[in-house]
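Read through the structure below, which is laid out as C-alpha cells, and then see the notes.
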Amino acid sequence: MSDRSAKPEVFPAYDPDENSSNPSGNRPFREVAETFLSRRAALRGTTAAAAGFLVAGSVLGGAEPAAAHGRPGGKPGKGHGRKELLGFEAVPTSTDDTFVVPPGYRTQVIIPWGTALRPGGPEWRKDASNTAAEQAEQIGMNHDGMHYFPLGHDHGLLVLNHEYVDQDLLFPDGPAEMTAEKVAKALAAHGVSVVEIKKKRGSWQVVDSRYARKVTGTTPVAFSGPVRADHPKLRANNEPMGTLNNCSHGVTPWGTYLTCEENWNGYFGTADESWTPTPEEQRYGINAGGFGYRWHEADPRFDLAVNRNETNRFGWVVEIDPRNPDAKPVKRTALGRFKHEGCTVTESRGRVVAYSGDDQNGDYIYKFVGHGPWRWQRAMGRSPLDHGTLYVARFNDDGTGDWLPLVFGKGPLTKENGWQDQADVLIRTRQAADAVGATKMDRPEWIAVNPKNKDVYCTLTNGNGWPGEANPRTPNPYGHIIRWAEKRCDNTATSFTWDLFLLSGDPAYDDAVTLDQDGIHGSPDGLWFDADGRLWIQTDVSNSTQNRADRGHDNIGNNQMLAADPRTGEVRRFLTGPRGCEITGVVTTPDRRTMFVNVQHPGEATAFWGEPTPDNPRAVSNWPDFDPDGRPRSATVVISRTDGGVIGA
C-alpha cells in the first residue's frame, strides 16, 4: 500500500513507494529471477517452458505444481481427488461505482470514516466540519489492515488501521492553509480504531464498549527491545507519542494486534534552507518537502530542522492489546526500523516468527525469529518480540535462498565498519541489510503463511522499471507473487527454496500472463490465508505512475479481491470495489461465515477516471453514501452467504 493523496501538486501520479532510496550495489531480484528461469528453461529444453514456470512450476517440497490441474485462472482438472476449494462463481471485472460479490452472497457497509466509536458519540458531518476532538472519538480515515477478536458468537472487537489522510476531503477548505487544528485533526484520523461490534437481527452494529478507543498520532507510546526511548537518536522535543501511516498488521499467538508504520517519512519537512539530509535520512527517504502534508508549518514536532530525532521514533511495529484499553502501545524495536507493510506472525517449534516486507522499490524482505519458546518468554515476564534475531532475505539463482542475520558483531556489522551496537543496527536496519548483501525486491508488501504446509507467500505489487527492480519482467506494471518453503518446513530455518507463484496482469497485453478472464488482475497487494487454505489476494492498481504510463486500456478495471487455490494454481475473482478505491484488509469470524473487507480511498482519481478539479476533488465516486452533496468514505464491508455457509466454499 502507499500514501498518495498527500502531494496534491503531483496527484494522482505520485506514489512514493515507486521511488527507490536504495543506493547499494546489492543484486536485484530481477537478475536472480532471469538466471533462475533460464536455468529451468535449459533443463526443459524450451524458453516457453520458462515463461510457463512463472505460474506453474514449483521447487517447494510441500506444494503441488499448478500445471497438474490446468493453468492458473482456469478451472481445475477433473478427477483430482479433492474437494474444490473455490466454490463460488467468479464475478466479472468492473468499472462501475459499485461493490459486487458473487451470486448467493450479500453485503453490509459498516463503520465508514467518521462513525462514532460508541453509540451516542459525535455524529459525522458530510461537510467535513467535525473538529479534531470529535475526530478523536470517530473511526479514522483510509481503512487498511484489520483483525477480528471474538468476544462470543457473532460478537467481537474489530481492530483496524488508518493508513493516511486525504487532506482535500478531511478539511472543509482543503489543505491550502495549514493550522494547528488541521494537524491535530489529521493526527486523530490516523492510527488504529478499536470498535466493538455485534450481530443483531441479521445485521452487524457498533455497540457500547469499554474496549472502544483510538490509538492516534498523539497517543503516548513506549519503546521496548534493544532500542529504548532514551536512546540518543530518539531524544526529541516531546515525549514519545503516536503511530503514523499504519498499513497492514499482524496478530500474535497471545492475542495482541501489531500495527505497522509504513510511509512515516513523508510527514516531516522543513522550510529551513540550511537543513540537509544525512546519508541515513536519505536512505529512509526523508527530505525537506516530505509528501506535501506541510504539518511542519503549524507543528514544530514535524519540522526536521527543529525536532530532527522525531523521525527515528517511527518505522516500527507497534503492539496493541485490544482487550486492555489502558495499556500503552509498545514499539517493538527488535523487529527493525523500515517501511513495514505488515508483520505476519506464525509459530514454529514453539517460537514466534514474524515476516515483514519493506514496501519500497528495491528494498527487502525480513524475518524475525524469537529466542526460545514464546510461552516460556511470557511466563518469565518478557515479550517474545523483544528477544530474537532479525534476518533479511537473499535469493539465489538456483531457487534457494538464505536468511542473513542482522546482528551486531557478525559479518560486516562491526565497530570497525562504523556500527555501534545492536540498537544502531536496528535504527539503521535498511543500511544493515545493504551491508550484508540482501536481494533488492520489487516493493514487497503483504506476506501470508499457508496453514496447511507453512509455505510463505509475498506480493510484489509492481515496479517502474528502474535498474535493479525485483521482478521477472521490465517494466512490471502488474506485479507478481513469490513464494518460498523454509527448510524442513521449519519457519525458524535460515535457508529456503523459492519460486514465482503467480504473474499478474492481462494476457491481452502481456503474453507471459496465463490468467483467464476469471483471474486477471493487477498489482497484488493484500494477502491472507483462511483456515481452509484459500489464498485471498487484494489489489491496488490505484494511482501508480507505471499504471498510467504502461498499462494502456487493459481489461482489469477497478480494484478487486480474488481467491487462489495454492495446490492447483486456480485464481478466481470474488469481488470488485467502487471506482478509485483500493481493496485492503480481510478477515473472517472464527466460523468463517462472516467476512470483513476494507474499501480504502473510494473516489481517488486514477488513470481510469481522470484528474480531480478544485470544485470537486473526488468526483470519481460518492460510495458508500451516494450523497451528491457528501464525500466518499472508506468503510468496512461485511460479506456473508445467503445460505449461511462458509465464505468462498
- [ ] Confirm whether residue 646 is modelled with pLDDT of 95 or more and under 18 Å from residue 142 (Cα atoms).
- [x] no
Open item on the list: When you check residue 347 against the structure, is it modelled with pLDDT of 95 or more and in contact with an Asp or Glu (Cβ under 6 Å, 6 or more places away or on another chain), yes or no?
Closed with: no
TODO: Confirm whether residue 159 is within 24 Å of residue 585 (Cβ to Cβ), of a type in the set (A, V, I, L, M) and assigned to a loop (DSSP other than H, G, I, E, B).
DONE: no
- [ ] Can you work out which of the residues in segment 272-295 that are open to solvent by 10 Å² or more (accessible area, probe 1.4 Å) and touching a strand residue (DSSP E or B) at 6+ places or on another chain (Cβ under 8 Å) is nearest to residue 315 (Cα to Cα)?
- [x] 287
- [ ] Return the total of residues in segment 152-185 being open to solvent by 40 Å² or more (accessible area, probe 1.4 Å) and among the basic types (Lys, Arg).
- [x] 0
Task: Matching residues, segment 186-208, being open to solvent by 10 Å² or more (accessible area, probe 1.4 Å) and either over 21 Å from residue 637 (Cα atoms) or assigned to a loop (DSSP other than H, G, I, E, B) (or both) - done: 201, 202, 207, 208
- [ ] Could you tell me which numbered condition residue 144 fails, if it satisfies all but one of (1) touching an Asp or Glu at 6+ places or on another chain (Cβ under 7 Å); (2) open to solvent by 10 Å² or more (accessible area, probe 1.4 Å); (3) part of a strand (DSSP E or B)?
- [x] (2)
Open item on the list: I'm trying to understand the selection: among the residues of segment 319-338, which are under 19 Å from residue 369 (Cα atoms) and open to solvent by less than 20 Å² (accessible area, probe 1.4 Å)?
Closed with: 319, 331, 333, 334, 335, 336, 337, 338
- [ ] Would you mind listing the strands (runs of 3 or more DSSP E) fully within segment 245-359 where at least 2 residues are aliphatic (A, V, I, L, M) and farther than 26 Å from residue 452 by Cβ?
- [x] 317-320
Open item on the list: For the list (1) closer than 22 Å to residue 343 by Cα; (2) at pLDDT below 95; (3) not charged (D, E, K, R), I need the number of the one condition that residue 476 fails.
Closed with: (1)
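The values are calculated or read from the model by the stated rules, or taken from the named source; none is laboratory data. Everything numeric in this text was worked out from a predicted model, so none of it was measured. FYI the Cβ positions are ideal-geometry reconstructions off the backbone, even for glycines, and counts take in every protein chain you see. Accessible surface is based on the protein model in full, side chains and every heavy atom, while ligands, DNA and RNA are left aside. Shrake-Rupley method; radii C 1.70, N 1.55, O 1.52, S 1.80 Å.
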